[in-house]
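Q: So that we are looking at the same thing, I have put the structure below in structure tokens.
The values are calculated or read from the model by the stated rules, or taken from the named source; none is laboratory data. Just so it is clear, the structure is predicted and the values come from calculations on it, not from any experiment. Glycine also receives a Cβ, built like all others from the backbone with ideal geometry; neighbour counts cover every protein chain displayed. Keep in mind that these areas ignore ligands, DNA and RNA; they rest on the heavy atoms of the full protein, side chains included. Shrake-Rupley method; radii C 1.70, N 1.55, O 1.52, S 1.80 Å.
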Amino acid sequence: MTQPAGAAGEPNDEPELRLSPSETVAHNSAMRISGARRGPQSTQKALASIVLGFELIVVVLIGLTLFGLGTLEPRELGLYLGGGLAVVIIAGLIGMRFGRVGITLGWVVHGLMLLTAVLLPMALIVGILFTALWVYCMVKGSQMDRDRAAWIASQQ
């Protein structure tokens, strides 16, 4: 297999990037969930899908914690709150395929995630970490999308 030529036409000396099978599965899943294969690829949407996917697991665990600790009366309310937030996250993941709906729902999810600290103070740490990760992914993903668009425009 030949490697692509460099900027001046000489062969590229850099080794070809190869993903492990698990990395390939994770990448393909994130791209499929974000709907990136249906048009121009969006790094921002792929990163947002990854963050929301991991946050889905944490939200379910927070709901189970609220139930187990009996923080709310009736106890099942913790399950309903965790499940409700999980449904919003799933809607956000689905919304990634349709314009900026998923990104907007992602911001709502992070606001609600921070509000769970009222019921479970330790959830504030998790909420801050995921919100910081979300902001970083939004900024860097947007920058990468702009850089890719500029590079594609320069190639034509």
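Q: If we scan segment 132-145, do we find a residue that is at pLDDT below 90 and over 12 Å from the mean Cα position of the chain (by Cα)?
A: no
Q: State whether one or more residues within segment 7-22 are surrounded by 11 or more Cβ atoms within 10 Å (Cβ to Cβ) and at pLDDT below 90.
A: Taking every residue of segment 7-22 in turn, at least one turns out to be surrounded by 11 or more Cβ atoms within 10 Å (Cβ to Cβ) and at pLDDT below 90.
Q: Now a separate question. Looking at segment 106-123, I want the residues that are in contact (Cβ under 8 Å) with a residue 60 or more places away in the chain and have a partner that is outside any loop (DSSP other than H, G, I, E, B) with Cβ atoms under 8 Å, at least 6 apart or on another chain. Which pairs are those?
A: Listed pairs, sorted by first residue: A123/I62; A123/M113; A123/T116; A123/A117.
Q: Between a first residue in segment 57-83 that is under 12 Å from T116 (Cα atoms) and in contact (Cβ under 8 Å) with a residue 60 or more places away in the chain and a second residue that is assigned to a helix (DSSP H, G or I) and small (G, A, S), which pairs have beta carbons less than 8 Å apart while being 6 or more apart in sequence or on different chains?
A: The qualifying pairs are I62/G82; I62/A123.
Q: Oh, and also: Is there a residue in segment 70-83 that is under 30 Å from D147 (Cα atoms), at pLDDT 90 or above and assigned to a helix (DSSP H, G or I)?
A: Within segment 70-83 (the criterion being under 30 Å from D147 (Cα atoms), at pLDDT 90 or above and assigned to a helix (DSSP H, G or I)), the answer is no, since none of the residues qualifies.
Q: Related question: Any idea which of (1) exposed (fewer than 14 other Cβ atoms within 10 Å of the Cβ); (2) more than 21 Å from the chain's Cα centre (by Cα) is the one G78 doesn't satisfy?
A: (1)
Q: Give the residues of segment 90-108 that are open to solvent by 60 Å² or more (accessible area, probe 1.4 Å) and more than 18 Å from L79 (Cα to Cα), sorted by residue number.
A: Correct list: I94, R97, F98, R100, V101, T104, W107, V108.
Q: Go through segment 109-146 and give me each residue that's exposed (fewer than 14 other Cβ atoms within 10 Å of the Cβ), farther than 21 Å from L72 by Cα and hydrophobic (A, V, I, L, M, F, W, C).
A: Of everything in segment 109-146, those that are exposed (fewer than 14 other Cβ atoms within 10 Å of the Cβ), farther than 21 Å from L72 by Cα and hydrophobic (A, V, I, L, M, F, W, C) turn out to be L129, A132, V135, V139.
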